[in-house]
1. Hey, does region 233-248 have a residue that's closer than 9 Å to residue 175 by Cα and not in a helix (DSSP H, G or I)?
2. Name every residue in region 152-191 that is part of a loop (DSSP other than H, G, I, E, B) and open to solvent by 60 Å² or more (accessible area, probe 1.4 Å), in order of residue number.
3. For region 85-93, indicate whether the set of residues that are of a type in the set (Ser, Thr, Tyr) and out of contact with any Phe, Trp or Tyr (no Cβ under 9 Å at 6 or more places or on another chain) is non-empty.
4. For the structure I just gave you, tell me whether residue 244 is of a type outside the set (Val, Ile, Thr), under 18 Å from the mean Cα position of the chain (by Cα) and under 25 Å from residue 92 (Cα atoms).
5. Based on what the data block shows, is residue 124 farther than 27 Å from residue 79 by Cβ, under 18 Å from the mean Cα position of the chain (by Cα) and surrounded by fewer than 22 Cβ atoms within 10 Å (Cβ to Cβ)?
6. One residue is enough: does region 260-268 have a residue meeting the conditions out of contact with any helix residue (DSSP H, G or I) (no Cβ under 9 Å at 6 or more places or on another chain) and open to solvent by less than 80 Å² (accessible area, probe 1.4 Å)?
7. Tell me yes or no: at least one residue of region 93-114 is over 21 Å from residue 223 (Cα atoms) and without any contact (Cβ under 8 Å) to a residue 12 or more places away in the chain.
8. Do you know which of the residues in region 236-259 that are closer than 30 Å to residue 69 by Cα and without any contact (Cβ under 8 Å) to a residue 12 or more places away in the chain is most open to solvent (accessible area, probe 1.4 Å)?
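The values are calculated or read from the model by the stated rules, or taken from the named source; none is laboratory data. These numbers come from a predicted model, not from an experiment. Cβ atoms come from the backbone with ideal geometry, glycine included; neighbour counts cover every protein chain shown. Each accessible area value is taken on the protein alone, full model and side chains, heavy atoms only, with ligands, DNA and RNA left out. Shrake-Rupley method; radii C 1.70, N 1.55, O 1.52, S 1.80 Å.
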Amino acid sequence: MNIGIIGLGLIGGSLGLDFRAQGYKVLGVSRQQPTCDIAVETGVVDESSTSLELLATADLIFICTPIHLIVPTLEKLTPYLKKQAIVTDVGSVKGAIVDNCSQLWPNFVGSHPMAGKTEQGINAAQLGLFVNTPYLITPIESTPKCAVKILTEIVEKLGCKIYYSSPEEHDRAVAWISHLPVMISTSLIQACGEEQDPNIRKLAENLASSGFRDTSRVGAGNPELGLMMAKYNRQALLISLKNYRQNLDKIIDYITREQWQELEEILVSSHQYRANFLQSK
């Protein structure tokens, strides 16, 4: 089987390393020729090009571009595809992507490997990045079962934990545990930066340790990705943001009214829920 990868950044590059290690021939496409050269030199792919025509012999193609480029990329790709070729994507939003891509190509299967790290780009590609991480596959009623089966068999070899859901269920779930934290973390960073007293702001910067580093990390990630999360998962994200705001307002009210017992109950409940939440994984 020939595997094609469009977008040779962290995710696309890491997929290439894993699939080549398993003996598959990997064909890579990038918009930048230097990225293509690095991908071949470092063993991420067997062949690479800036032209989608390279993927004419691919049996399974992963579109690893930014979210807003997934649909346009598939539109440009379809003239080169073999009739039975399977196409999937790795976008963190599934509803709009799956709806549009399934109309463009019948053998499209939405998916989302939930793995990553702070570093981006081809040089950040890592063998084994997906081991023990969730990999969500989001078929719809019209998705060919054989395509889902083949994709499942291939990604199982990455060592990931495979889950299945509808695109809508995916978007609601990741709004809570991925997209909402980005917006909360961003607002934390903005609030700290708006401290008016420069001496206090400087002191806070000097004192910041693991607590601030952990809670601000996702808000300092790729700005383009954060924007695409909000734009393409708008409804689910708004629901989670409004719910979060209600809980924050409740905490503000308890502190304002010095209702310490009520505040303690929330803190205890959160402590217990987080432990149970993480243990369930």
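1. Checking region 233-248: at least one residue is closer than 9 Å to residue 175 by Cα and not in a helix (DSSP H, G or I).
2. Scanning region 152-191 gives a single hit, 157.
3. No.
4. So residue 244 fails the test.
5. Considered against the rule, which asks whether it is farther than 27 Å from residue 79 by Cβ, under 18 Å from the mean Cα position of the chain (by Cα) and surrounded by fewer than 22 Cβ atoms within 10 Å (Cβ to Cβ), residue 124 comes out as yes.
6. Yes, the conditions are met somewhere in region 260-268.
7. Yes: region 93-114 contains one or more residues that are over 21 Å from residue 223 (Cα atoms) and without any contact (Cβ under 8 Å) to a residue 12 or more places away in the chain.
8. In this case the residue turns out to be 242.
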